[in-house]
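To start, the structure itself, in structure tokens.
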């Protein structure tokens, strides 16, 4: 039994089973003396100082706020909030010894203001349950006085509970579940199984594994023994071996005497701080010299966790040339909980000792630069066409190359082209060297790259390009969001909603507050804020939110610099160029930005602008002044103005986006305009006036998009959109295009209709209308796909002002394993002028997802005799220190990759795609998010029983473009169940440890002396220990029989004799 050694109160709980735990209330700053063994701890709070009811009520409130009494010390009561004025001492004394029966107990999160009697009842229920998790049983007070254990009610408790426990047993169903869990292999660092369950014999008298009348531990209660809560204080608990009966008495529980069932060793764990996942790290559990097994970490790990620490030499141990520090001693108030089942270490620490970092922050030292690797991908398409006049063949292959070494990434892109009658040509398109600079949160590119295009139009540059990378920011830092400001009168809850969804909820102390880490969705819809005071009063207000791309959060910075040579096709001479831009969030509503461009051809441009978020929407306005000197013309100076607007109207759900309105004076020249005009004037014989008059220089431009969902009386009637663009040039030419569209769903599918009108530079108009339908077959006939293999049909009808009408129809399908996708299509076009230009075409295509990448083929023909055929394939490969791995995806410069190793797990899916582990044990995930946590999973649902994975998921935080190696440890081989007996033909004690000849831990003995092992040598020796004495150890010499042909079954080796002398 776990008992308190200090003079503190604990509750012994005997549930409807055999797991017996103590739930202790850790209290701080209590005054007065503990009075008698039957005194309620809650009453004691009030009795300490009857005049100071606030103190007592705050301590009671902290218990009510907790998820269970064992966590009460982690919650701080809010001053001034009164829920319970007095607890009836006599009532508590009478109820605390009662048997609760099957009384359901709610799980408490937070109890707001309640009537006194209701709060009292809730408090009683928590104490009577022993745990706020649907537990039942008897509560017995237990106390230690002057260092002597006083188990005042053990005999009475056992006698009173025995009949009740037998009556309430869950028997067969629960026993079978536990029996299965016992036979699971326990990995180093997995949950301590299940020794505690052996103590069921201490009450029922049943022998482990032989009774059908089994009383088992409730999972939620056994967790308190499996997941030790280790604090940095002096409080210790002790396991009372008197609760072990039968041959379970032989189990050595000395290593659990301090309530800490963690074995010394290295553990690779997910580490959480106050329930927030921070990193995966190696934690050393070491004997600190006081018979305590404590967690030790490096100083680097503490920094990565964001803990404010103070290191002392006496708390240090050196392991593998590194200094490790006792985690429980690095800062005040720290507590840890090691969940050995999930391999998580949860650190609880006061907020005062945590670095102020935004939610989701990841220390740059955790970024994984990956391994040295070469990448190659291809996209090949061969095309053949044949018509009445001619036939032709062509082959195109897009190629991507890459090499990763350390933090550097080399990338190159090119294309190989061949056409019949011509030689093959190769065009090298881009090549660059890239790496990140963590201290600047930026990317450095040397070679060919393009600027972002958010300030000036994007330009391609050969040279050096340095820019900040928003991917290195947390979600609460990137993009734009307004600041929520207000004043709270008490400890208050702030709830922020957008479109009715909660996007942020925090608790703030009395006084002014600011919330800066909001992460809204989209580019609009105002934020609704509710401030709930401690007494239940509420304040409601709205914060305008609309965004344009130029807006940043307050104090945020975005910048870019590029130096080199302009990389533009068609020029006789490429000028040298320098360009830069910077954005800065002056306030949470105002952003200012500036930029410049300059070339060695006497061209300069300067831009200055601002963006603002208002209740009427988000606006951005900027002006650009250009200066150019043109050959034979002279100086040309001009100005361009640009206005952007975005708004989401919450009530009508209307979205308005004026992407850009521009106006330029006649002598304004963009960089592209100036370069092209200068190049023609300098290197051709064309006269200046003709060059200027023929060149289309933009005069004004307008682009508008409006979307309107049609929601009336809580019914959806579809969506309507309007879009248009208007461009005019100083050459008096113009072009205009606008469209109107409507889409909706109906019983059998979806439909849309679009009307469009456009004007070309000669002001000639072209009108068209397009109607389309999508009809999933499953809505027409649920068994259609199963019978015929097709999933849906698409139809479209297009008519234009030239009198041409075209009807299209297609159907799609896929195989049951989704490896094959196929479609058939046909079209018919008719000319209303009866010119005989009617045309009918029929075609089809098939795609196959191979383990090397997708393959595709298509065929088509028409009633005019035209024929086309194509073949295509794409894929990639990775070359690294372990060999060559094929990638069933096209790898380009944007991919960040996980190279997954799981030997023997062939056919398992990895990640969220259809990629699989190949026959060599490797798989690839190509869509990781750089600088963020990515969970890489292996789906083992289709694996047979001969393959076992220690873990099926891993977390990686890769650099951009990295190839990160992720290894999963596997055991391959027929699983064997060893049925082991002692020389006296009795079962090996439940929970005994099993080691191999190299003294490596393999598993633990389950019920009935059974052990599940796999990956074993054909012959060998097992060393079994349930204590340090030689009489508590024995050896099994085994010889495995021939392998079972049935892969999904295990083999039982019965009556294996364990001898004390090997």
Q. Semi-axes of the range 677-792's equivalent ellipsoid from the Cα gyration tensor, sqrt of 5 times each eigenvalue, largest first, rounded to whole Å?
A. 48, 20, 11
**Q.** Value of relative contact order over the range 880-1035, rounded to a whole percent, pairs C-alpha under 8 Å and six or more apart
**A.** 18
Q: Using only Cα atoms, locate the centre of the range 773-794 and the centre of the range 943-967, then give the distance between them in Å, rounded to an integer.
A: 38
Q. How high is the FRET efficiency between residue 489 and residue 713 when r is their beta carbon distance and R₀ equals 41 Å, given to the nearest 0.05?
A. 0.55
Q: Distance between Cα centroids, the range 920-938 to the range 439-487: provide it in whole Å.
A: 25
Q | Modelled label reach - residue 629, point 7 Å along Cα→Cβ, the range 586-619 residues with backbone N closer than 13 Å | A | 599-604
Q | Added length on full extension, which subtracts the Cα-Cα distance from 0.36 nm per residue, residue 774 to residue 698 | A | 23.3 nm
Q) Antiparallel DSSP bridges in the range 976-1058: what percent, to the nearest 5? A) 75
Q: Sticking to Cα atoms, compute the Rg of the range 484-543 to one decimal and its Dmax as the biggest Cα-Cα distance, whole number, in Å.
A: 11.2, 36
Q) Sorted from fewest to most neighbouring beta carbons within 10 Å, what does the list 384, 987, 573 look like? A) 573, 384, 987
Q | Potential lengthening between residue 464 and residue 743 on full extension [0.36 nm per residue; Cα-Cα distance subtracted] | A | 95.8 nm
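Going by average Cβ density within 10 Å per residue, which order do the peptides 930-943, 735-748 take, highest to lowest?
With the highest mean Cβ count within 10 Å placed first, the list reads 930-943, 735-748.
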Q) Could you put 390, 600 in order, starting from the residue whose Cβ has the fewest other Cβ atoms within 10 Å? A) 390, 600
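What's the extension gain from residue 266 to residue 450 if we count 0.36 nm per residue and subtract their Cα-Cα distance?
Between residue 266 and residue 450, full extension yields 61.5 nm more.
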Q) If r is the Cβ-Cβ distance from residue 1055 to residue 1001 and R0 is 30 Å, what FRET efficiency results, to the nearest 0.05? A) 0.80
Q. If each residue's Cβ is checked for other Cβ atoms within 10 Å, how do 329, 682, 423, 1010 rank with the fewest at the top?
A. 423, 682, 329, 1010
Q. What number, in percent, do you get for the relative contact order of the range 976-1058 if the mean sequence gap of Cα pairs under 8 Å and at least 6 apart is divided by its residue count?
A. 37
**Q.** Spatial separation of Cα centroids for the range 844-865 and the range 267-334, in angstrom
**A.** 58
Q: Measure off 7 Å from each Cα along the Cα-to-Cβ vector at residue 685 and residue 762, then give the distance between these two points in nanometres to one decimal.
A: 3.0
Q | Reciprocal of mean inverse Cα separation for the range 976-1058 (Kirkwood radius, Å) | A | 13.0
Q: Treat each spin label as a single point 7 Å out from the Cα along the C-beta direction, and report the residue 292 to residue 705 distance in nm.
A: 6.0
Q: Would you mind getting me the FRET efficiency between residue 383 and residue 819? Use the beta-carbon distance for r and R0 = 30 Å, nearest 0.05.
A: 0.80
Q: Quote the relative contact order of the range 877-952 in percent (integer), defining contacts as alpha-carbon pairs under 8 Å separated by 6+ residues.
A: 27
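Only the coordinates and a few stated rules stand behind these numbers; no lab work does. Please read all numbers here as calculations on a predicted model, not as lab measurements. Heads up, the Cβs are rebuilt from the backbone with ideal geometry, glycines too, and the neighbour counts pull from every protein chain shown.
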